[in-house]
Amino acid sequence: MDETVAEYIRRTVLKIPRCQIMEMLTMWEFLSKTQLQTINVHQLKERISQAVVELCEVITSIVNDQIVSNSHNFVFTISGIFSCITGEETDSFNLADFKYKFKRSLRSALKNVTINFREYEDNAIWIRIAWGTQYTKPNQYKATYVVYHSQTPYVFISSLRSSIPLLCQALVHASNYHDIHEMELRSRCIDSLKDIVFKRYSQTFQTYHPRPLQERNVAPEKVDPRIIQENKREKERIQSVNQEIFGEGLQPKIEFAQYKLETMFKGEPEMDILTEKEPFRCVVKFSSPHLLEALKSLAPAGMADAPLSPLLTCIPQKARNYFKIKERKGILSASCLGP
Amino acid sequence: MEKRSSLFHGLPFPTTPVLEPPSCCYSGWRENVDPQKIAFLLRKQWTLYSVTPMYKFSYGNLKEYSRLLSAFVAAEKQKGLAVEVGNDLGIKVTLSTLLGLKGTDQDQVAVLVQIASRSQLPFENAENKVVWSGWFCCISGDDLLESVPEDFTCLSLFLANGAESYTAIVGSWFQKTFDCYFSRLTISPLNLAWMAAMWTGCKVDSHMAATELVFSVPCIPQSLDISYAIHSEDAKALWDTVQKTPGEVTQEEVNLFMDCLYSHFHRHFKIHLSATRLVKVSTSIASAHCDGNIKVLD
């Protein structure tokens, strides 16, 4: 077995807490029950990992496939961010064909590369690629992960690097698509990206009645008449507008949005400022553990107007969180020009 | 040493020294300063503390203070360690003055404290490497200086760089020896806005980084941070149209500058940045965080 692979397994086992080792090894499914029984978890961890490696020596081919699965089981914080790539399709999908073509395409360009595949129930194919160079072995610790849903024209790639063109070429070739291009959508949470592009979040529809219908026969609340709600109407308006824009359900989880603004500076009319001909260049970045929910709560908190700017609310519909905004002649541009 | 702290209980000692506009401060600093001497101040992150006036601090006794503080630091560091008495940890503390770093002529001269440690490894050069630095300076507050009684030295700002443990040890020695008090200084959004305006207006020869303002949004269930970075030339152009008299900065001008930035932002995003909290300001000159950390780059 490749020594870098052996080393990788050894280090991975060392990282597992002792109490979870047996559980993990069982989940990996490449050591048989009898083999598992031979491992003594009470000895030094180095000895345990060494024992695992020795057992693996026997089953070299299967190990390669399982590396993909173990990295999935480990708090899969895809270090780096997933980027969405989409393409234009042709015919039906053949898994074996895809794998073969992908490997061949990548290997023809780069000799030193480790490729592993793993299929999951929801038609997702996970590909793990460890990159090497002409002279060095593949670096198992900085692998790129690619998730491809064969029934969709979308591919999710982690940790963008310089090897992306090669990767894209291989993907196009293997999947029989004509072309592939990168979308301006990135997030730490791949499920959210899937939610956005597969339109799995609750979408909003234009309501015909701008005001909610009045309920009848509602018992009046027993509220102290001395308490007056200020701006009750305004608050209700904000709530309903927010609901219209964001929808009822939970928003997809993204962590940041970036806007590169190249619009003209225009202050309030009383500010007699800066009538430049040049655009006012700035970059605005929003970041939050759950950005869309945070944006949703701004108007009710009084920190933003309702409706919120379409630049922010269009993120799920347009499936992008990186924008470049330029000035449109005359009117404020709320459109997002291409990358 | 007699305790004099009671003297200060009644005085309205400012907890946040108001930072004066750049003109007098900066030009004063830059003229008298030997660039080599203060080069070490640059590109380091300094944590700010406010210090009450020190009782019976004498500039003439700096050597003596160095000796005492060295012994104190060594003793504190050895606490809890099973080390033979007399074993030298190679720690040396030096106090010196920093000439030229004052706002006005009446201000006290700045004092620098440095902790150097001799390398423990045998094969390395037995050179002393600075592991911690702290310096006291006087922020020109003419009113306060007039009301300070004799025997007191007013070095109200302390900046520390290095391990927090050393800062605590040095701080406690000064507090015990000169009956003063250190407290963490936070920078208010108002002062941060001043810094943003002032630093944006400064001319820098080398490549200018963007003027970046970071806002934190309070009162919502999920935390949200907004970073607003403006191209340095455009930010400077805006400031130049706002500032009326060169060398002088007024509150109205700073407010107008910020309002312009807020309204440009609002036009695009419909969010009122004025309702959020400015927590960090960063330019090619320097950066400052509301927790009381600053970094000077030029």
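Can you give the extra length, in nm with one decimal, that the chain gains between A:Gln35 and A:Arg200 once fully stretched, where that is 0.36 nm per residue apart less the Cα-Cα distance?
Contour length minus the Cα-Cα distance gives 55.1 nm.
Accessible surface of B:Tyr181 in the full protein assembly, 1.4 angstrom probe, to the nearest 10 Å²?
About 140 Å², rounded to the nearest 10.
Just reorder B:Glu253, B:Glu64 by solvent-accessible area, largest first, 1.4 Å probe, all chains present.
Per-residue accessible area, sorted high to low, gives B:Glu64, B:Glu253.
Excluding ligands and nucleic acids, what accessible area in Å² is computed for A:Lys326 using a 1.4 Å probe, to the nearest 10?
Surface open to solvent at A:Lys326 totals about 90 Å².
What FRET efficiency comes out for the pair B:Ser183/B:Gln45, r = Cβ-Cβ distance, R0 = 25 Å, nearest 0.05?
0.85
Considering every Cα-Cα pair within the range B:189-296, what fraction, in whole percent, is farther apart than 19 Å?
Distances greater than 19 Å cover 43 percent of the Cα pairs.
Distance in nm between label sites at B:Ala75 and A:Gln243, each 7 Å beyond Cα in the beta-carbon direction?
Reported label-point gap for B:Ala75 and A:Gln243 is 7.0 nm.
As a test of the definition: with a 1.4 Å probe, what buried accessible area, both sides summed, do you compute for B against A, in Å² to the nearest 100?
Using a 1.4 Å probe on protein heavy atoms, the buried area is about 3200 Å².
Fully extended, how many nm does the chain gain between A:Arg104 and A:His173 (0.36 nm per residue separation, minus their Cα-Cα distance)?
So the chain would gain 23.9 nm between A:Arg104 and A:His173.
Of all the accessible heavy-atom surface of the range B:232-297, with the other protein chains kept in place and a 1.4 Å probe, what percent is carbon and sulfur?
Heavy-atom surface of the range B:232-297 belonging to carbon and sulfur, 1.4 Å probe: 50 percent.
Once fully extended, how much extra length lies between A:Lys285 and A:Asp224, figured as 0.36 nm per residue of separation less the alpha-carbon to alpha-carbon distance?
Computed gain between A:Lys285 and A:Asp224 is 17.5 nm.
If you roll a 1.4 Å probe over the heavy atoms of the protein chains, what accessible area per residue do you get for the range B:189-296, in Å²?
Ligands and nucleic acids excluded, the result is 39 Å² per residue.
How many partner chain Cβ atoms sit within 10 Å of a residue's Cβ in peptide B:250-257, on average, as a whole number?
Counting Cβ atoms of other protein chains within 10 Å of each residue's Cβ and averaging gives 1.
Quick check: with the 1.4 Å probe, what order do B:Arg267, A:Arg18 take by accessible area, largest first?
Listed by decreasing accessible area, they come as A:Arg18, B:Arg267.
The values are calculated or read from the model by the stated rules, or taken from the named source; none is laboratory data. Computed from a predicted model, the values in this text were never measured in an experiment. For neighbour counting, all protein chains shown are included, and Cβ atoms are generated from backbone atoms with ideal geometry for every residue, glycine included. Remember, those area values only see protein heavy atoms, side chains included, never the ligands or the DNA or RNA. Shrake-Rupley method; radii C 1.70, N 1.55, O 1.52, S 1.80 Å.
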